[in-house]
Amino acid sequence: MQETKFLNDFENKIKKAIQEYKLLDEKDKIIVAASGGKDSTTILYLLKKFGYNVSALYINLRLGGYSERCLKALKELCKQEKIKLHVLDIKKQFGMRMCNIRCGVQQSIKVSNCMVCGIVKKWLLNKEARRLMADKIVTGHHLDDEAQTIIMNFLQGNLMLGANSGPITGSIKNRKFVPRVKPLYFISEKDIKKYSLMKKLPVVYEKCPCAVSSLRIRVREFLQNKDEKTKQKIIENFLKILPGLKRKLLKEKLLYCKICEEPSRNEICKKCQLLSLKNKS
Ligand code: AMP
Ligand code: ZN
């Protein structure tokens, strides 16, 4: 009885966020950026259950057995739920595995594994989602992720870094930019794990083997023993200042990267800046 209440409350909370923040439209062609982990698998499963036009996109970063296990789990879910799965191989895109890209970059600058991987993934997701003519990209970011990001930006002395965040990246209207949406924005990681276990979704629960020694990990540890209310407060307070940050961001011009022609805030986008460092080393 209690189990059914948890499942219903969980699903209703996500439906409410989608409606309140106008995250998705019934007509949208949706690509879920699916990693094989619990968060993106849960939202993929649920959007299909809610009746959205959804397919999954997996970027195979070629991180050995971990990537293979993630892909296997995702294939299983997509087969079970009759969801189309697109797979993008990093080796085909850049001629090498994520570890090689990262190591090349790290020979020139001190930057965390997750930072390099995140920038490359974001770039690939946008490009591929646009090629697939998607209206929205959905990611599995949740309450804990978002509270961490806000604290990280604060610690780095740059809250503007979060200007393009929030449940929907709504400030940039650009023909080459596919809006990114986070329907799990208000849901805790603990509840997502509980839901995925109760539903017995095929999920890889292990952490990415490359996620070591980043600022995010230290912030995660700091927030770990804080209760959910504290994390919600962080999000609520951030959402109060977000419209101001977005207005400021709108005044900045969006350019196209001179190398890859993808939308960028600078003449050369972050991904091309990183990859040019790799080539120098
Ligand atoms: P992370 O950057 O690993 O914290 O993941 C954040 C979100 O990015 C996940 O919830 C997924 O939606 C998406 N994502 C992460 N890794 C992949 C991947 N290999 N392929 C596709 N989407 C991914
Ligand atoms: Zn570029």
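Worth pointing out:
- For residue 231, the lysines whose Cα comes closer than 16 Å to its Cα, not counting residues fewer than 8 places off in the same chain, are 190, 240.
- Cα centre as origin, Lys/Arg/Asp/Glu Cβ charges: the stretch 134-236 dipole, Debye: 260
- Convex hull per residue volume in Å³, alpha carbons only, for the stretch 1-126: 143
- Rg/Rh (Cα only; Kirkwood hydrodynamic radius) as it applies to the stretch 160-281: 1.02
- Note on the stretch 219-281: Kirkwood radius taken over Cα pairs, Stokes-Einstein applied at 20 °C and 1.002 mPa s, translational D equal to 143 µm² s⁻¹.
- Long-range amide H partners of residue 29 with built H, under 5 Å: 135, 136
- Stokes-Einstein D in µm²/s, Kirkwood radius over Cα pairs - the stretch 45-106 at 4 °C with 1.567 mPa s viscosity: 100
- Separation of the alpha carbons by more than 18 angstrom is noted, of 38/194; 127/258; 253/278, for 253/278.
- Relative contact order (percent, whole number), the chain, Cα cutoff 8 Å, 6+ residue spacing: 24
- Estimated vicinal HN-Hα couplings, Hz - the stretch 257-269 in sequence order (Karplus 6.51, -1.76, 1.60; Gly, Pro = x): 4, 5, 8, 9, 6, 7, x, 7, 7, 10, 4, 10, 6
- Given charges at beta-carbon only (K, R positive; D, E negative), |dipole| of the stretch 89-143 in Debye: 100
- Rounded to 5, the percent of DSSP beta bridges in the chain classed as antiparallel: 15
- Three-way shape call for the stretch 85-160 based on the alpha-carbon gyration tensor, with the a/c threshold at 1.5: oblate
- Distant-in-sequence amide H partners of residue 60 (H built 1.01 Å from N, under 5 Å): 88, 89, 90
- The largest-to-smallest principal axis extents of the Cα set in the stretch 155-209 are 39, 32, 25 Å.
- Here the Karplus curve 6.51 cos²θ - 1.76 cosθ + 1.60, taken at θ = phi - 60°, turns the phi angles of the stretch 179-187 into couplings of x, 9, 10, 10, x, 9, 3, 9, 9 Hz, with x standing for Gly and Pro.
- Alpha carbon Rg of the stretch 95-206, scaled by the compact-globule rule 2.2 N^0.38 Å: 1.22
- Here is the tail figure for the chain: Cα pairs spaced more than 29 Å apart come to 32 percent of all pairs.
- Packing-based order for 81-93, 123-135, using average beta carbon neighbours within 10 Å, highest first: 123-135, 81-93
- Note that the stretch 243-256 has calculated 3J(HN,Hα) couplings of x, x, 5, 5, 4, 5, 5, 4, 6, 7, 7, 9, 9, 10 Hz, one per residue in order, obtained from phi through the Karplus relation 6.51 cos²θ - 1.76 cosθ + 1.60 (θ = phi - 60°); glycine and proline are x.
Coordinate-derived values only; no laboratory data. Only a predicted model underlies this, so the values are computations on that prediction, with no experimental measurement involved. Note that each Cβ is placed from the backbone with ideal geometry, even for glycine, and that neighbours are counted across all protein chains shown.
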